[in-house]
Amino acid sequence: MADTEPIDDTSRPQFGTRFLTENCDVFHHNAWDNVEWDATQEADARTKVEENSSILVSEEQQQLYESNGDKFWDKFYGIHQNRFFKDRHWLFTEFPEILPCEPTNGGTTALAPEGTGSSPESNRVEDRVAELQKSVSTPAPRDGSSIEEVTDKLASVSCGKARELKHTVLEIGCGVGNTVFPILQYSKDPHLFVHCCDFSSKAVEILKESPEYDTNRCAAFVCDVTSTHWEVPFEPQSLDVITLVFVLSAIHPSKMQHVVRQIFRYARPGGLVVFRDYGRYDMAQLRFKKGRCVAGNFYARGDGTCVYFFTQEELRELFTSAGFVEEQNLVDRRLQVNRGKRLTMYRVWVQAKYRKPVS
């Protein structure tokens, strides 16, 4: 389940550096960062959404979109193959945590190889093990846990210490490799391993046929993340980074909370979720006609695939209620320009980072 409208201008520096002022020619650049909306533009957008969501698709159509979601995505990838593919190299500007061995100011790495000194991750594990060992030796653990619960936690963290040199990434909604291949291209670290899954078996098939697909460094599989139980090739509490890039929006709003809870289950203590997706009042939402709305702010495209448009508050509630701690939650408002046709397009995306607490 990958976005069907890949982000343009991937070589740009981190957003927030190219501002549109009164003296600027709007058609001078292809895109302008952090474009502020005035009250009139915001009100107009709200009115358009109220209009295009005033008529919902029939219950029969809703069932069709829900029960045949995988078929719609298979058909999409069957038609487009990988021709719409655009490497998401901007990911490493916005989310450097995806890659292992991130350089620090001291010149060391976030996941230092054995013999090069302790890393921040190693220090956190050492501190947590010492804390839990002290709790186990105390008749009444300070956090109210039973001795058995603390022992289980200790085993989990000790297991984390044993695997601290590994850096395991899961890409949910991998499509045909929009994220996994750039990760593998950018990092040759032998400790990196990328799991990637998609709802569409066709997408996974295309990804596996790519010459860049290396089974020694990545594993792709089909998974419906809305299902009650995940059939996955990794254990709970084992993932360092989970990427959700233009994928949660393809899931019915009623099932999003379950997906986030499952992500929390499989993230290791201290693991990070990086998120980017469509924001409320994005151009794509305003373009929908009446009769395409499936549920509030959730629409069916002409090809049967669906898309949701988030607010920061909704996203915060989804993740914090599942147990995550918010580290970033921002709106990226961009003005994209078609200089040939002299058209302006207002894009809105939400970007966030959520971390699973260590304790």
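The values are calculated or read from the model by the stated rules, or taken from the named source; none is laboratory data. Small disclaimer: the values here were computed from a predicted structure and weren't measured. So basically every Cβ, Gly included, is an ideal-geometry build from the backbone, and we count neighbours across all protein chains shown.
Does segment 198-218 hold any residues that are within 16 Å of SER187 (Cα to Cα) and in contact (Cβ under 8 Å) with a residue 12 or more places away in the chain, and which are they?
Across segment 198-218, the qualifying residues are GLU212, TYR213, ASP214, ARG217, CYS218.
Would you confirm whether or not segment 217-238 contains a residue that is part of a helix (DSSP H, G or I), assigned by TED's automatic domain parsing to the domain that holds PHE310 and of a type in the set (Lys, Arg)?
Checking segment 217-238: not a single residue is part of a helix (DSSP H, G or I), assigned by TED's automatic domain parsing to the domain that holds PHE310 and of a type in the set (Lys, Arg).
Those residues that are over 25 Å from VAL260 (Cα atoms) and at pLDDT 90 or above, I need them from segment 321-359; list them, please.
None - no residue of segment 321-359 is over 25 Å from VAL260 (Cα atoms) and at pLDDT 90 or above, so the list stays empty.
Counting only residues that are within 26 Å of TRP90 (Cβ to Cβ) and among the charged types (D, E, K, R), which one in segment 277-301 is surrounded by the most Cβ atoms within 10 Å (Cβ to Cβ)?
If we take residues in segment 277-301 being within 26 Å of TRP90 (Cβ to Cβ) and among the charged types (D, E, K, R), then ASP282 is surrounded by the most Cβ atoms within 10 Å (Cβ to Cβ).
Residues to consider are PRO236, PRO253; find the one that is out of contact with any Pro (no Cβ under 6 Å at 6 or more places or on another chain) and farther than 25 Å from ILE183 by Cα.
Selected residue: PRO253, the only one of PRO236, PRO253 that is out of contact with any Pro (no Cβ under 6 Å at 6 or more places or on another chain) and farther than 25 Å from ILE183 by Cα.
Which numbered condition in (1) out of contact with any Leu (no Cβ under 8 Å at 6 or more places or on another chain); (2) surrounded by fewer than 20 Cβ atoms within 10 Å (Cβ to Cβ); (3) farther than 21 Å from GLY271 by Cα is the only one that ALA203 fails?
Evaluating ALA203 over (1) out of contact with any Leu (no Cβ under 8 Å at 6 or more places or on another chain); (2) surrounded by fewer than 20 Cβ atoms within 10 Å (Cβ to Cβ); (3) farther than 21 Å from GLY271 by Cα leaves (2) as the failure.
Of PHE15, PHE72, PHE76, which residue is at pLDDT below 85 and either touching a Cys at 6+ places or on another chain (Cβ under 8 Å) or under 24 Å from TYR186 (Cβ atoms) (or both)?
PHE15
Which residue is surrounded by the most Cβ atoms within 10 Å (Cβ to Cβ), if the candidates are limited to segment 24-53 and must be modelled with pLDDT of 90 or more and touching a strand residue (DSSP E or B) at 6+ places or on another chain (Cβ under 8 Å)?
SER53
Search segment 179-206 for residues being hydroxyl-bearing (Ser, Thr, Tyr) and assigned to a helix (DSSP H, G or I), and hand back the single one that is farthest from ASN68 (Cα to Cα).
The extreme case among them is TYR186.
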